[in-house]
1. Taking residue 143, is it closer than 20 Å to residue 17 by Cα, under 15 Å from the mean Cα position of the chain (by Cα), surrounded by fewer than 19 Cβ atoms within 10 Å (Cβ to Cβ) and modelled with pLDDT of 90 or more?
2. Taking the conditions exactly as written (more than 30 Å from residue 4 (Cα to Cα), basic (Lys, Arg), more than 16 Å from the chain's Cα centre (by Cα) and modelled with pLDDT of 90 or more), does residue 92 satisfy them or not?
3. Does residue 78 count as under 30 Å from residue 117 (Cβ atoms) and at pLDDT 90 or above?
4. Name the residue, out of 70, 149, 103, that is in contact (Cβ under 8 Å) with a residue 60 or more places away in the chain, open to solvent by less than 60 Å² (accessible area, probe 1.4 Å) and not in a helix (DSSP H, G or I).
5. If you check residue 101 against the conditions, is it modelled with pLDDT under 90, under 13 Å from residue 30 (Cβ atoms) and hydroxyl-bearing (Ser, Thr, Tyr)?
Amino acid sequence: PDSPSKWEITQTALVESLKILPEASRVGVSYFSNDDACGVQANPSVEFNRNTTAQKDLIRTSLSTVKPGGATPLVGATILAYQHVHDFGLLRGNSFVVLITDGKQSEACGDPGRCTTAEECTNLLIEEEVPRAAAPGVGIRTFVIGVPGSELDSRTLSRIAVAGGTARAS
């Protein structure tokens, strides 16, 4: 009962990570799923801005008010993160999406127009969307951080990172 939850561990790690990023970095936060369903926010919860003290405070406050729950729309969230990077014009220099998750795509969170099962959706992400984002001319690399609870899905999460240009194939 006195041990921190996996969300508390994740919050602390994110806040500490922001401390070592240069101020010139642009950072923002988007959550999934915090609506007890397959929700992916259309707009970032904390818009992209330079990594100033004020931005770090906004992110820290946002992290402290969110309570994760529901299914995992891993595919939709990752694709939307790429869109956020495009929309905010952050493609100059190094661009990254950092996907932090405790599991795999939920079966209930499919995209009927493109995929119906969790496996089909995950394969769509790994075989099409992540490589498209990482391709020359776009250059968004994808980091994947599996938090406690993701151990059973580590192979899939590693495949995403490999496709995103941030890990070696094992």
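The values are calculated or read from the model by the stated rules, or taken from the named source; none is laboratory data. Predicted model, so just to flag it, every value in this text is computed and none were measured. Note that we place each Cβ from the backbone using ideal geometry, even for glycine, and neighbour counts take in every protein chain shown. Surface areas here come from the heavy atoms of the whole protein model, side chains and all, with no ligands, DNA or RNA. Shrake-Rupley method; radii C 1.70, N 1.55, O 1.52, S 1.80 Å.
1. yes
2. Against the criterion (more than 30 Å from residue 4 (Cα to Cα), basic (Lys, Arg), more than 16 Å from the chain's Cα centre (by Cα) and modelled with pLDDT of 90 or more), residue 92 does not qualify.
3. Judged against the criteria, residue 78 is a match.
4. Details: 70 fails: in contact (Cβ under 8 Å) with a residue 60 or more places away in the chain; 103 fails: in contact (Cβ under 8 Å) with a residue 60 or more places away in the chain.
None of the others qualify; the one that does is 149.
5. Details: modelled with pLDDT under 90: yes; under 13 Å from residue 30 (Cβ atoms): yes; hydroxyl-bearing (Ser, Thr, Tyr): yes.
Considered against the rule, which asks whether it is modelled with pLDDT under 90, under 13 Å from residue 30 (Cβ atoms) and hydroxyl-bearing (Ser, Thr, Tyr), residue 101 comes out as yes.
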